[in-house]
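The structure appears below as structure tokens.
The values are calculated or read from the model by the stated rules, or taken from the named source; none is laboratory data. Treat the numbers as computed from the prediction; the structure is a model and nothing was measured. For neighbour counting, all protein chains shown are included, and Cβ atoms are generated from backbone atoms with ideal geometry for every residue, glycine included.
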Number of protein chains: 2
Amino acid sequence: MQKKPIAQLLRTGQPDETVTIQGWVRTKRELKEFAFMEVNDGSCLANLQVILNPDVPDYQTTLQRVNTGASVEVAGVLVPSPGKGQRIELRANSVQVYGEADPATYPLQKKRHSFEFLRTIGHLRSRTNTIGAVLRVRNACANAIHQFFQERGFLWIHSPIITASDCEGAGELFTVTNLNLNEIPKTEDQLVDFSQDFFGRQAYLTVSGQLQAEVMAMTFGNVYTFGPTFRAENSNTSRHLAEFWMVEPEMAFCDLQGDMDLAEEFLKYVFSSVLENCPEDMEFFNKRIDNSVLATADNIINNQFERITYTDAIAQLEKADRKFEYPVEWGTDLQSEHERYLAEELFQKPVIVSDYPVGIKAFYMRLNEDGKTVAAMDVLAPKIGEIIGGSQREERLDVLQQRIQNQGMNPEEFWWYLDLRRYGTVAHAGFGLGFERLVQFMTGMGNIRDVIPFPRTPLSAEF
Amino acid sequence: MQKKPIAQLLRTGQPDETVTIQGWVRTKRELKEFAFMEVNDGSCLANLQVILNPDVPDYQTTLQRVNTGASVEVAGVLVPSPGKGQRIELRANSVQVYGEADPATYPLQKKRHSFEFLRTIGHLRSRTNTIGAVLRVRNACANAIHQFFQERGFLWIHSPIITASDCEGAGELFTVTNLNLNEIPKTEDQLVDFSQDFFGRQAYLTVSGQLQAEVMAMTFGNVYTFGPTFRAENSNTSRHLAEFWMVEPEMAFCDLQGDMDLAEEFLKYVFSSVLENCPEDMEFFNKRIDNSVLATADNIINNQFERITYTDAIAQLEKADRKFEYPVEWGTDLQSEHERYLAEELFQKPVIVSDYPVGIKAFYMRLNEDGKTVAAMDVLAPKIGEIIGGSQREERLDVLQQRIQNQGMNPEEFWWYLDLRRYGTVAHAGFGLGFERLVQFMTGMGNIRDVIPFPRTPLSAEF
């Protein structure tokens, strides 16, 4: 008698089939003549309904033990279900209870719990419908990302987590050390003597794998990173995490147009793949969490993305029949309200804004011929806002050196990054996507802490 | 005129086909009447040979510029190759040189370089045959791992990198902090006041995602982690990294037998997949690095793994006609020489040793009925030694609490881990595999620093 996932039984199980399932009890209902229980094994959102007749061995004892949260193995026969919303159910021949869950203390009783409360039981919250669905969608999304790149010959590069360089000069870095903080060794100048630290210098958690991805693009052409990145930013918001996963493709022999093409193809692929692989979970989010998530996915999949330069976008915003909170002015960054106007009102579909002023973008973005803008691009989506940021990289040695100096950074620290421009340099481009933001937008979840298994935020590193 | 990867042209390109390639010059040979250059684009080990005739525009200038390391685009026509070892070559109609590489300073000239030297140019070493092949195999191996688990319905779980708990009590932890180390806040007792640190407590880099994987197995049944883990161990050896990637599947409703079955199926799958997807790179390793790597792979793929208990293994070692450096005694851990004897001499194929003495294994491993051994298993492979370590987990609350106390650890710190045994506990099992060790063994590379893009080791965090 083969054990089968409930997802498979609900899809293809046939009446009279003898099966064994293993899972956890979600609810139990006792009637006079018999009892029902709903069993979930995590393979899908839906539970399998199990009918317990009094001829099941140890019927009374079993009934007392199969409370919400108990782990069970049920052997029985599939029968057509008279109930609504389910094709089949399982008539139990025997029930084995592995582990009980005391109703007096088990925190996940049938009633609704707030997401805030669920975060305090991070080791149990995946057993709820919503967080369970999130983590299945998260997996499908991650798998789609790998498939997208692997099908196209991109190599997955594991960029380092511990780094001695601060990629974007963004600050907000975590220090990694094995010094005893109670007895920090000092130099003669009474500063920390990092030469005695594990790496012989101050080391940090990475904020981006881009610079290392560029190294690899200069060998393999097309590569991507998909790994954890960090910000020691004291932001207690629904969109910030101290630890999050980032996806960063990098392509040699590629300009900003190619970069935008890849970003558009990528988003369409990932949304399509998740809809295809998790239809039930996505329906659930649309029904219970945010009734626009399916429309948003559809909008991304089925529209050709609008492409507009930053300069033209500013012109559109200036003539918009609309009062913005933040002034619209060439040279300043677009605010969320501006981005939403462009994607939701003006074009009503995803928009790629390109060629931003040099003053508001990072040093490695390629300077355009006009000397005022750089070959950067942001993908803005309705209901979502900015979801991808990318650029063509500055491949000219002299220009890059100048940009580094202009930003007050030390070119010597970038010796190896500059070497890529000394030896066989080529036009290349890439982008970055915050993975949790993507999952958040895909599912409509309000707080980013609820789309990662174990969130790390200010004052919180439990579990 | 479509740009195509060289790997594709070498496989399926036809004479008279008009193509454009983009890549980097590996070598150039000037003859009297014309010149050759070998171009590599990272899509495969092999170069494409390009013939430069004097009728190519700017022939003389181009010849001067296409030195080793230069980036080029070549348009031309494929022709049958008269040379040995290549089916086709490319007769250039035009060559565009994007970036030169000054032969006077470019460190990667034609001669052989030591791996030690190559580590000092980590930003360029992927351009060599060996490191290039390693990183393609690494990608194929990583991809095979995801495919193996996804095909079997396992969810990829991103276990946290920053953690407040020390999973195995293994020590050797890196601290993660955003305190200013020059002005560490102190408590009244003159100890570090971690309440002022980012997470409000001391936080570390994870050494394993297993405990969190167990949380998720208790919801989804089958899950796996695949992410970076860390050891602040001052080991300057060819098999240690401070930062490395680990794969950790975890299965609910599974005992040690099921765990061993999965480990065997997993290794066979991954080795087969890499051989299938990187045959040329694997041939290269067998020819140039270690002439046993193909035989080792074959041994893993085509043998049923031997299974033996630790107790029986000790008996075999005791009666071996062999003098070991370390004494063989029930209760002590197997040494490398013992493991190699079992796998290479006695059985001459992979061996799974199970049921180790409780005293030498971690607290979470399930205590066997005999009270003396635990349901642990190690997979040992010829030429490789231990490659996988796993166990059935202790699912009984009282036994686990006792084990934690016996090890002098504080059960309160494990409150959530213990909760998994309070609510719906089930038999479960899993294993851990060091990803870089796997790649090292697969390729025969002598030093683990050469199978990860950017190695982190004592006193070294460059690039």
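Residues in region B:169-186 that are more than 8 Å from chain A (Cβ to nearest Cβ), under 33 Å from the mean Cα position of the chain (by Cα) and at pLDDT 95 or above: 0 in all. Test A:R231 against the criterion of being among the basic types (K, R) and crowded, with 16+ Cβ neighbours inside 10 Å, and give yes or no. Against the criterion (among the basic types (K, R) and crowded, with 16+ Cβ neighbours inside 10 Å), A:R231 qualifies.
Checked against (1) at pLDDT below 95; (2) assigned to a strand (DSSP E or B), B:A375 meets all criteria but (1). Among the residues that make up region B:382-400, is at least one of them without any contact (Cβ under 8 Å) to a residue 12 or more places away in the chain and closer than 19 Å to B:E214 by Cα? So far as region B:382-400 goes, yes, one or more of its residues are without any contact (Cβ under 8 Å) to a residue 12 or more places away in the chain and closer than 19 Å to B:E214 by Cα. Is it the case that B:A104 is assigned to a loop (DSSP other than H, G, I, E, B) and of a type outside the set (S, T, N, Q)? Here the answer is yes, as B:A104 does meet what is asked. For region B:381-410, the set of residues classified as aliphatic (A, V, I, L, M) and assigned to a helix (DSSP H, G or I) consists of B:L397, B:V399, B:L400, B:I404, listed by residue number. Only one entry of B:E214, B:E233, B:E276, B:E280 meets the criterion of being within 21 Å of A:L135 (Cβ to Cβ) and charged (D, E, K, R), and that entry is B:E214. Of all the criteria given as (1) over 25 Å from B:R421 (Cα atoms); (2) within 36 Å of the chain's Cα centre (by Cα), the one not satisfied by A:L48 is (1). Considering B:Q109, B:Q147, the condition of being more than 8 Å from chain A (Cβ to nearest Cβ), polar (S, T, N, Q) and either part of a helix (DSSP H, G or I) or farther than 30 Å from B:R288 by Cβ (or both) is satisfied by B:Q147 alone.
Please go through region B:109-139 and give me each residue that is at pLDDT below 95 and of a type outside the set (S, T, N, Q), ordered by number. Matches in region B:109-139: B:K110, B:K111, B:R112, B:H113. Scanning region B:244-255 for residues that are at the interface with chain A (Cβ under 8 Å from one of its Cβ atoms) and surrounded by 23 or more Cβ atoms within 10 Å (Cβ to Cβ), we see that the one that is farthest from the chain's Cα centre (by Cα) is B:A252.
In this structure, does A:E264 turn out to be surrounded by fewer than 23 Cβ atoms within 10 Å (Cβ to Cβ), farther than 22 Å from A:T175 by Cβ, among the acidic types (D, E) and more than 8 Å from chain B (Cβ to nearest Cβ)? Taking the combined requirement at face value, the residue satisfies it. One residue stands out in region A:187-206 among those that are surrounded by 13 or more Cβ atoms within 10 Å (Cβ to Cβ), more than 8 Å from chain B (Cβ to nearest Cβ) and not polar (S, T, N, Q): the one that is nearest to B:E462 (Cα to Cα), namely A:Y204. Selection of region A:47-68 for residues being within 14 Å of chain B (Cβ to nearest Cβ) and either among the aliphatic types (A, V, I, L, M) or more than 26 Å from B:Q150 (Cα to Cα) (or both) yields A:L48, A:R65, A:V66, A:N67, A:T68. Scanning region B:306-357 for residues that are within 23 Å of B:S292 (Cβ to Cβ), assigned to a loop (DSSP other than H, G, I, E, B), within 29 Å of the chain's Cα centre (by Cα) and in contact (Cβ under 8 Å) with a residue 24 or more places away in the chain gives B:L334, B:F347, B:Q348, B:K349, B:P350. Pairing residues of region B:43-62 that are outside the structural domain of B:F284 (by TED's automatic domain parsing) and more than 18 Å from B:L78 (Cβ to Cβ) with residues that are small (G, A, S) and surrounded by fewer than 16 Cβ atoms within 10 Å (Cβ to Cβ), at Cβ distances under 7 Å and at least 6 apart in sequence or on separate chains, gives B:P57/B:S94.
Screening the candidates A:R422, A:R456 for the property of being within 11 Å of chain B (Cβ to nearest Cβ) and either surrounded by fewer than 20 Cβ atoms within 10 Å (Cβ to Cβ) or modelled with pLDDT under 95 (or both) yields one hit, A:R422.
Taking each residue of region B:70-83 that is under 26 Å from B:Q109 (Cβ atoms) and looking for partners that are of a type outside the set (D, E, K, R) and not in a strand (DSSP E or B) with beta-carbon atoms closer than 6 Å, six or more apart or interchain, yields B:A70/A:G424; B:A70/B:A101; B:S71/A:G424; B:S71/A:V426. Any residue in region B:24-35 that is under 26 Å from B:A133 (Cα atoms), under 37 Å from the mean Cα position of the chain (by Cα), outside any strand (DSSP E or B) and not assigned by TED's automatic domain parsing to the domain that holds B:D281? No - not one qualifying residue is present in region B:24-35. Listed conditions (1) buried (at least 23 other Cβ atoms within 10 Å of the Cβ); (2) within 30 Å of B:E283 (Cβ to Cβ); (3) touching a residue at least 24 places away in the same chain (Cβ under 8 Å); (4) not acidic (D, E) are all met by B:R125, apart from (3).
Kindly establish whether A:D290 is touching a residue at least 40 places away in the same chain (Cβ under 8 Å), buried (at least 22 other Cβ atoms within 10 Å of the Cβ) and in contact with a Ser or Thr (Cβ under 9 Å, 6 or more places away or on another chain). No, not satisfied. Taken over region B:401-431, the residue count meeting the criterion of being in contact (Cβ under 8 Å) with a residue 12 or more places away in the chain, touching a Pro at 6+ places or on another chain (Cβ under 8 Å) and among the polar types (S, T, N, Q) is 1. When you check A:S238 against the structure, is it in contact with a Gly (Cβ under 8 Å, 6 or more places away or on another chain), outside any helix (DSSP H, G or I) and more than 9 Å from chain B (Cβ to nearest Cβ), yes or no? Answer is yes for this residue. Selection of region A:1-27 for residues being touching an Asp or Glu at 6+ places or on another chain (Cβ under 8 Å) and under 21 Å from A:Y59 (Cβ atoms) yields A:T20, A:I21, A:Q22, A:G23, A:W24, A:V25, A:R26, A:T27.
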